[in-house]
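Data first, discussion second: the structure below is written as structure tokens.
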Amino acid sequence: MKNGRWMTAKDVLRVNAFKWPEKIGIKDMYKAYTFKQWNERACRLANALADMGMKKGDRFAVLAYNCVEWMEIYGAAAKGGFICVPLMFRLAPVEMEYNINHSECKVFIVQGGVDGADGKEFPWIKQVTEMKKNLPTVEKYVSFAIETPTTMVSSPMRTPLQRQASKSPQQS
């Protein structure tokens, strides 16, 4: 605690990006991002989710293997005030549908593309496409690919709170 103010996860990410912009902040088997890059990517994702209609307290589901994008997703949730509903990939589709509907997720983020470890395609895009008819609460679907992380989001780097105050991209 500094100056009587508690730091939240979004504050820690922002402060680390300011103090150590070039230091590795997150890393998995395939890539690494500095604290600055991680913060920027989390801001872009939070902004993209807000542009999809997400508001503070809204939930989104995520179906993905362990990867660096999880840290971006959790950072975005903290920055936007959203609630992440992680889905275990071993669940049956009907179990995933129950979890998503019960938690009233508005957005469903799904890992797509090809696994860098074995070259096999992730099965979830097809699976989620088949589940869509049973997911009345989900309004938007987002996929990201491990081999092309820059396609995850393309929104300007600004936080949802800054969207109304400024037209220029800013960082939180």
Exercise for the section: State which residue is nearest to Arg44 (Cα to Cα) when the search covers only region 5-20 and only residues that are modelled with pLDDT of 90 or more and loosely packed, with under 14 Cβ neighbours inside 10 Å. Expected result: Phe18
Completion exercise
Considering residues that are out of contact with any helix residue (DSSP H, G or I) (no Cβ under 7 Å at 6 or more places or on another chain) and either among the polar types (S, T, N, Q) or part of a loop (DSSP other than H, G, I, E, B) (or both), the number found within region 117-133 is 7
Practice task
Inspect all residues belonging to region 55-63 and state whether any of them is crowded, with 16+ Cβ neighbours inside 10 Å, touching a Lys or Arg at 6+ places or on another chain (Cβ under 6 Å) and either closer than 17 Å to Ile109 by Cα or hydrophobic (A, V, I, L, M, F, W, C) (or both).
Solution key: yes
Practice task
Of the conditions (1) in contact with a Phe, Trp or Tyr (Cβ under 8 Å, 6 or more places away or on another chain); (2) under 27 Å from Ser103 (Cα atoms); (3) among the basic types (Lys, Arg), Lys79 clears all except one; give me its number.
Solution key: (1)
Completion exercise
Across region 110-145, the tally of residues that are of a type in the set (Asp, Glu) and within 15 Å of Tyr30 (Cα to Cα) stands at 2
Completion exercise
Given the conditions (1) surrounded by 13 or more Cβ atoms within 10 Å (Cβ to Cβ); (2) more than 13 Å from the chain's Cα centre (by Cα); (3) of a type outside the set (Ser, Thr, Tyr), every one holds for Lys23 apart from (1)
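The values are calculated or read from the model by the stated rules, or taken from the named source; none is laboratory data. Computed from a predicted model, the values in this text were never measured in an experiment. With ideal geometry, Cβ positions are generated from the backbone for all residues, glycine too; neighbour counts draw on all protein chains shown.
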